[in-house]
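Trainee: Have a look at this one.
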Amino acid sequence: MATAPGHDDIVRIVAPNPGPMTLEGTNTYLVGRDPVYVIDPGPAIPSHIEAVRAAAEERGGIEGVLLTHSHADHTEGVELIAAPLLHGTVSERDETSTPEAVLDGPHTGWVGQDSPGVTGEIGPFTLLPSPGHAADHVCFTRETAAGRVVFCGDLVLGHGSSIVPPAAMGGSLAAYMRSLERLAALEPDLMCPGHGPWITDPAAKVAEYLAHRREREAKLVAALEAGERERERLLDAAWDDVPEPLRPAAAVAMEAHLEKLAAEDRLPAGVSGR
Ligand SMILES: [Zn+2]
């Protein structure tokens with residue numbers, strides 16, 4: 001548990017669910033005092049939810065819960081928190097759910113598919129629709145005398161990069177790039193990500209994220225222009241720096257890149273099937 005730099009009424013509690021996608025674990029935020037708002041309760045791990053509830057109790061109790069997006073590692077704990085859900089949808093899926101699993105699973109179609117149009121105010125927060133990582137992804141902005149804070153979920157992470165899956169898994173790289181641009185336009189003073197540490201240099205971080213995706217796209221386009229059409233070799237060419245455990249995630253990310261190029265009429269014919 002740690003308070004945000006310059007904002008002692010923002011607390012971060014990291015859930016014990018570390019992994020390649022979740023980094024050190026999912027970040028749960030308590031915001032305000034008497035009462036507090038909980039952003040992303042995280043996984044349904046009793047010790048984590050207990051820690052969140054105890055910290056909230058010390059700060060005057062929970063007014064309500066807000067979710068940046070429906071992925072399970074952010075939302076599963078909603079039921080255990082037992083406080084009103086003010087924004088978002090709980091899902092069992094995450095960015096690693098395959099299209100097949102999505103179609104065959106008990107839930108069909110992405111929940112909150114229409115929420116990119118969502119805007120408005122909830123308590124002290126303004127909603128910023130930010131699809132890309134997930135169709136229903138939003139950021140929450142809070143203005144205080146100490147500055148503009150954006151709770152950015154998995155749009156931007158404290159370190160490493162966020163995965164943007166293809167449409168069948170709820171993602172869109174084109175939407176993701178527009179979401180990053182909207183986030184940059186807000187000129188936040190501090191960003192609180194869904195995973196990883198506080199982002200105290202938001203402008204530089206968002207610029208780095210935009211540049212990173214453009215660089216991947218340029219590498220992919222270069223490989224296609226060189227005549228490569230095999231998916232495995234396109235992956236080798238454009239994700240040449242990715243360690244083996246993250247290769248499946250990179251393959252998912254490449255699908256989103258190929259979709260974006262196809263939508264822009266920039267994808268040559270003959271790319272091998274999956
Ligand atoms: Zn996440």
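Quick note: the coordinates plus some simple rules give every number you see, no bench work behind them. The structure displayed is predicted, hence computed values, not measured ones. We place every Cβ from the backbone using ideal geometry, glycine too, and count neighbours over all the protein chains shown.
Trainee: Express as a percent, rounded to the nearest 5, the fraction of DSSP beta bridges in the chain (both residues included) that run antiparallel.
Mentor: Taking every DSSP beta bridge within the chain, about 75 percent pair in antiparallel fashion.
Trainee: So, counting K/R as plus one and D/E as minus one, what does the shell of residues with Cβ under 12 Å around residue 228 add up to? Provide the component values of the computation, followed by the final result.
Mentor: On the way: positive: 219, 229, 231, 233; negative: 225, 230, 232, 236.
Result for the neighbourhood of residue 228: 0.
Trainee: Shifting gears a bit: Arranged by the count of other C-beta atoms within 10 angstrom, fewest first, what order do 62, 39 take? Please report the intermediate quantities before stating the final value.
Mentor: On the way: 62 20, 39 27.
So the ranking, lowest neighbour count to highest, is 62, 39.
Trainee: Kindly put 232, 217 in sequence by how many other C-beta atoms sit within 10 Å of each C-beta, fewest to most.
Mentor: On the way: 232 11, 217 17.
Arranged by neighbour count, lowest to highest, 232, 217 become 232, 217.
Trainee: Taking the Cβ-Cβ separation of residue 200 and residue 262 as r and a Förster radius of 45 Å, what is the calculated FRET efficiency to the nearest 0.05?
Mentor: With R0 = 45 Å, the Cβ-Cβ based efficiency is 0.75.
Trainee: Continuing with this model, one more query. Please give the FRET efficiency for residue 181 paired with residue 159, using the beta carbon to beta carbon distance and R0 = 25 Å, rounded to the nearest 0.05.
Mentor: The value I calculate is 0.70.
Trainee: Now for a different question. Return the whole-Å distance between the Cα centroid of the stretch 145-183 and the Cα centroid of the stretch 197-237.
Mentor: 15
Trainee: Can you tell me, using C-alpha contacts under 8 Å and at least 6 residues apart, the relative contact order of the chain as a whole percent?
Mentor: Normalised by residue count, the contact order of the chain is 13 percent.
Trainee: Taking the alpha-carbon set of the chain, what are its Rg and Dmax in Å?
Mentor: Rg then Dmax for the chain, in Å: 18.7, 62.
Trainee: Oh, and also: Along the Cα→Cβ direction, 7 angstrom out, place labels at residue 92 and residue 208. What is the inter-label distance in nm?
Mentor: Placing both labels 7 Å beyond Cα along the Cβ direction yields 3.7 nm.
Trainee: By counting other Cβ atoms within 10 Å of each Cβ, how are 274, 59 ranked from fewest to most?
Mentor: The fewest-first ordering by Cβ neighbours comes to 274, 59.
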